[in-house]
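Engineer: What follows is a single structure, and I will ask about it in a moment.
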Amino acid sequence: MPSLVQAAGDQDLLARVAAIRALEWLIPVPAAQPGLRAAAEKLSSQLTAEQGRAQFVKVNEELRRLQARMAHL
């Protein structure tokens with residue numbers, strides 16, 4: 001889980017999207033939910049820090065969607 005969270009902040013957009021999607025796939029897995037809850041704050045901080053950066057606009061929409069789903073854990 002920590003590696004996926006780290007990759008979700010990668011400068012390489014393909015790696016970032018892959019990590020975000022992998023984290024989304026883990027949401028229904030009960031064993032992964034504590035790790036996802038722990039990662040939520042870091043991902044939220046990342047979104048705040050990258051707000052307005054054009055290179056991440058599209059991929060951060062995926063990250064926002066992930067964050068919204070994680071809020072219901």
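Taken together, the values in this text are just the output of simple stated rules run on the coordinates, not laboratory data. Note that this is a predicted model, so its numbers are computed, not measured. Backbone-built Cβ (ideal geometry, glycine too); neighbour counts: all protein chains shown.
Engineer: Given the -39500 (n - 2.57) contribution per DSSP H run of 4+ residues, what per-residue ellipticity at 222 nm results for the chain, rounded to the nearest 500 deg cm²/dmol?
Structural biologist: -22000 deg cm²/dmol
Engineer: Taking 8 Å as the Cα distance limit and 6 or more residues as the minimum spacing, I'd like the relative contact order of the chain as a percentage.
Structural biologist: With pairs under 8 Å counted, the relative contact order is 34 percent.
Engineer: What distance in nm separates the two pseudo spin-label positions at S45 and V29, each 7 Å out from Cα along the beta-carbon direction?
Structural biologist: Rounded to a tenth, the inter-label distance reads 2.4 nm.
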